[in-house]
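The structure appears right after this line, and notes come after that.
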Amino acid sequence: MSRVKLRITGRQYATIKRHLFPGDGCEAVAVGLCGRHNGSDEHILTLRTVVPISHADCERDPCHVKWPTGQLLPLLEEAAKRNMAIVKIHSHPTGTNQFSSTDDKSDDAIFSSVYAWTDTDDPHVSLVMVPNGDLWGRVILESGAFAPLSSVAVAGDDLLFWYPGAPAHKVPEFARRHAQLFGAGTTTRLRNLTIGIVGCSGTGSIVVELLARLGVGRLILVDPDRVEEKNLNRIINATKEDAFLGRFKVEVAARVIAQMGLGTEVQLIRDNLITPDSVKALAASDVVFGCMDGAEGRYVLNRLATFYLIPYFDVGIRLDADGEGGIAQVCGTVHALQPDGSSLLSRGVYTMDRVEAEGVMRTNRALYEKQVRQGYLRGVDEERPAVVSVNMQLASMAVNEFLARLHPYRYDKNSGFAVVRSSLIQGHTYCEPEGTPCQVLSRHVGRGDVTPLLDMPELSV
């Protein structure tokens with residue numbers, strides 16, 4: 001059986017925790033409906049809907065909860081219709097960190113009915129929350145057998161990861177100084193993570209370098225472009241030979257990671273983000289970084305992060321100059337995006353007109369140029385200034401924003417740092433809190449695999 005993982009948004013996690021621990025010391029229960037991602041070696045469940053079962057309708061004490069299953073029926077119908085998964089979540093107010101014999105009987109009865117309704121052999125999950133908010137659980141198989149749940153992840157203001165039953169890893173020597181700051185727990189979590197990076201040029205190559213040296217276990221690198229001489233001012237470790245031979249940017253990044261010898265696994269995608277293979281590969285990421293200049297890629301990556309409940313860090317740089325040394329603006333922005341929160345679109349980073357223009361330019365250059373001449377499309381600026389030292393600063397800010405959420409250490413809560421802007425002209429950094437959820441993307445939260453992928457006809461397999 002493939003490894004099974006469960007992903008939850010920060011808002012869903014808060015809802016579940018409030019309901020499961022009302023303050024009376026008794027068990028409580030909720031049920032949920034999950035999308036699925038069937039990967040090559042992983043089966044990922046993405047929580048789409050949470051239904052708290054009313055305390056008044058249950059028989060509850062500190063060690064038991066007996067609940068009516070009527071509210072489960074609409075979820076079963078939806079699960080059967082769309083091949084979705086059912087998750088049951090209940091509390092252990094006593095802090096017990098293992099399933100009881102009562103839990104075994106309850107799960108056996110409930111999930112045998114779930115399998116009868118859904119007519120699938122794909123897995124469902126039973127989850128437990130203890131008073132400190134930790135989550136752990138197990139997979140319920142069609143045979144009725146229980147299997148380990150590989151991980152539970154929460155993508156909110158803070159990034160939470162639990163790996164039930166995973167063996168403890170010794171901190172490697174190269175990461176010892178990291179562990180002196182973040183501790184062995186966070187260092188180990190970095191080792192367990194898969195992070196996708198879209199764009200491996202000016203900022204992306206630096207993000208790759210930083211994440212590999214931090215000891216991230218696996219990186220998925222996506223970029224269709226080859227190194228050119230004009231890129232050598234900013235792609236870390238790229239050489240004139242790479243430009244002469246036209247090596248792919250992802251290959252240069254992979255070579256550097258291999259030379260480090262720190263054990264980071266790499267998956268290369270020498271293709272555009274907007275392909276079925278890229279989307280399927282990135283869906284397995286625990287975190288994604290967007291290091292792209294354009295609007296179209298940002299829109300698709302934000303959409304992917306919404307469907308598959310992945311925290312998304314976007315880094316962008318703006319350099320305005322007259323080409324003769326006159327500088328009007330040097331600034332950059334790091335966006336930390338939650339799957340069910342505001343989006344780059346709702347934050348005004350780009351418009352759908354810009355997304356459309358870039359899509360036409362990518363797929364039909366002649367039509368794009370014709371429509372720009374005729375005034376139907378606004379042209380895309382393809383040649384802009386780029387300076388490696390500015391890229392380094394903003395790429396480091398993006399990775400540090402990720403670390404601050406993986407290991408919260410700031411005086412203030414992470415909710416106040418959804419947007420971090422740095423102006424080198426003014427010498428100041430500005431922070432903005434999370435906004436209202438994006439009305440365009442919120443209906444796709446946790447849908448997982450659909451046909452076509454991401455509900456985009458261009459991604460039909």
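The values are calculated or read from the model by the stated rules, or taken from the named source; none is laboratory data. Worth saying up front: this structure is predicted, and the values here are computed from it rather than measured. FYI the Cβ positions are ideal-geometry reconstructions off the backbone, even for glycines, and counts take in every protein chain you see. For the accessible areas, the whole protein counts, side chains as well, though only heavy atoms, and no ligand, DNA or RNA atoms are used. Shrake-Rupley method; radii C 1.70, N 1.55, O 1.52, S 1.80 Å.
Looking at LYS17, LYS88, can you tell me which residue is within 28 Å of THR436 (Cα to Cα), touching a residue at least 24 places away in the same chain (Cβ under 8 Å) and of a type in the set (Lys, Arg)?
Among LYS17, LYS88, only LYS17 is within 28 Å of THR436 (Cα to Cα), touching a residue at least 24 places away in the same chain (Cβ under 8 Å) and of a type in the set (Lys, Arg).
As an exercise: evaluate VAL287 against (1) more than 22 Å from the chain's Cα centre (by Cα); (2) hydrophobic (A, V, I, L, M, F, W, C); (3) open to solvent by less than 10 Å² (accessible area, probe 1.4 Å) and give the number of the one condition it does not meet.
(1)
When both residues are 6+ apart or on different chains and their Cβ atoms are under 8 Å apart, which pairs have a first residue that lies in the stretch 444-455 and is in a loop (DSSP other than H, G, I, E, B) and at pLDDT 95 or above, and a second that is of a type in the set (A, V, I, L, M) and open to solvent by less than 30 Å² (accessible area, probe 1.4 Å)?
What qualifies is VAL445/LEU309; GLY446/LEU47; GLY446/LEU309; ASP449/ALA283; PRO452/LEU459.
Restricting the search to the stretch 1-41, which residues are open to solvent by less than 50 Å² (accessible area, probe 1.4 Å), within 19 Å of ALA283 (Cβ to Cβ) and either modelled with pLDDT under 95 or not in a strand (DSSP E or B) (or both)?
SER2, GLN12, GLY39
Does VAL360 fit the bill of being in a helix (DSSP H, G or I), more than 24 Å from ALA336 (Cβ to Cβ) and either touching a Leu at 6+ places or on another chain (Cβ under 7 Å) or open to solvent by 70 Å² or more (accessible area, probe 1.4 Å) (or both)?
Yes.
For the stretch 202-215, indicate whether the set of residues that are more than 27 Å from VAL300 (Cβ to Cβ), among the charged types (D, E, K, R) and either within 19 Å of the chain's Cα centre (by Cα) or open to solvent by less than 10 Å² (accessible area, probe 1.4 Å) (or both) is non-empty.
no
Does the stretch 42-80 hold any residues that are open to solvent by 30 Å² or more (accessible area, probe 1.4 Å), closer than 16 Å to ALA153 by Cα and touching a His at 6+ places or on another chain (Cβ under 9 Å), and which are they?
Once the filter is applied, which keeps residues that are open to solvent by 30 Å² or more (accessible area, probe 1.4 Å), closer than 16 Å to ALA153 by Cα and touching a His at 6+ places or on another chain (Cβ under 9 Å), the stretch 42-80 yields only VAL50.
Cβ contacts < 9 Å: first residue polar (S, T, N, Q), restricted to the stretch 236-251; second residue part of a helix (DSSP H, G or I) and crowded, with 22+ Cβ neighbours inside 10 Å, any location; separation 6+ or different chain. Result?
Within 9 Å, the pairs are ASN237/SER205; ASN237/VAL252; ASN237/ALA253; THR239/VAL252.
Of all residues in the stretch 427-443 being assigned to a loop (DSSP other than H, G, I, E, B) and in contact with a helix residue (DSSP H, G or I) (Cβ under 7 Å, 6 or more places away or on another chain), which is surrounded by the fewest Cβ atoms within 10 Å (Cβ to Cβ)?
So, considering only residues that are assigned to a loop (DSSP other than H, G, I, E, B) and in contact with a helix residue (DSSP H, G or I) (Cβ under 7 Å, 6 or more places away or on another chain), the one surrounded by the fewest Cβ atoms within 10 Å (Cβ to Cβ) is PRO433.
Restricting the stretch 49-83 to residues that are more than 27 Å from the chain's Cα centre (by Cα) and assigned to a strand (DSSP E or B), which is farthest from THR451 (Cα to Cα)?
Among residues in the stretch 49-83 that are more than 27 Å from the chain's Cα centre (by Cα) and assigned to a strand (DSSP E or B), the one farthest from THR451 (Cα to Cα) is ASP61.
Kindly indicate whether LYS280 is more than 22 Å from HIS335 (Cα to Cα), free of Cβ contacts under 8 Å to residues at least 12 places away in the same chain and basic (Lys, Arg).
Judged against the criteria, LYS280 is not a match.
Among the listed residues LEU454, LEU424, LEU459, which satisfies the condition of being touching a Pro at 6+ places or on another chain (Cβ under 6 Å) and crowded, with 17+ Cβ neighbours inside 10 Å?
One residue alone meets the criteria, LEU459.
Looking at the stretch 365-377, can you tell me whether even one residue there is in contact (Cβ under 8 Å) with a residue 40 or more places away in the chain, open to solvent by 70 Å² or more (accessible area, probe 1.4 Å) and not basic (Lys, Arg)?
No, the conditions are met nowhere in the stretch 365-377.
Working only within the stretch 314-337, note down all residues that are at pLDDT 95 or above and either open to solvent by 20 Å² or more (accessible area, probe 1.4 Å) or under 15 Å from LEU273 (Cβ atoms) (or both).
Passing the criteria: ASP314, THR333.
Could you please let me know if VAL207 is modelled with pLDDT of 95 or more, more than 21 Å from ILE44 (Cβ to Cβ) and of a type in the set (Val, Ile, Thr)?
yes
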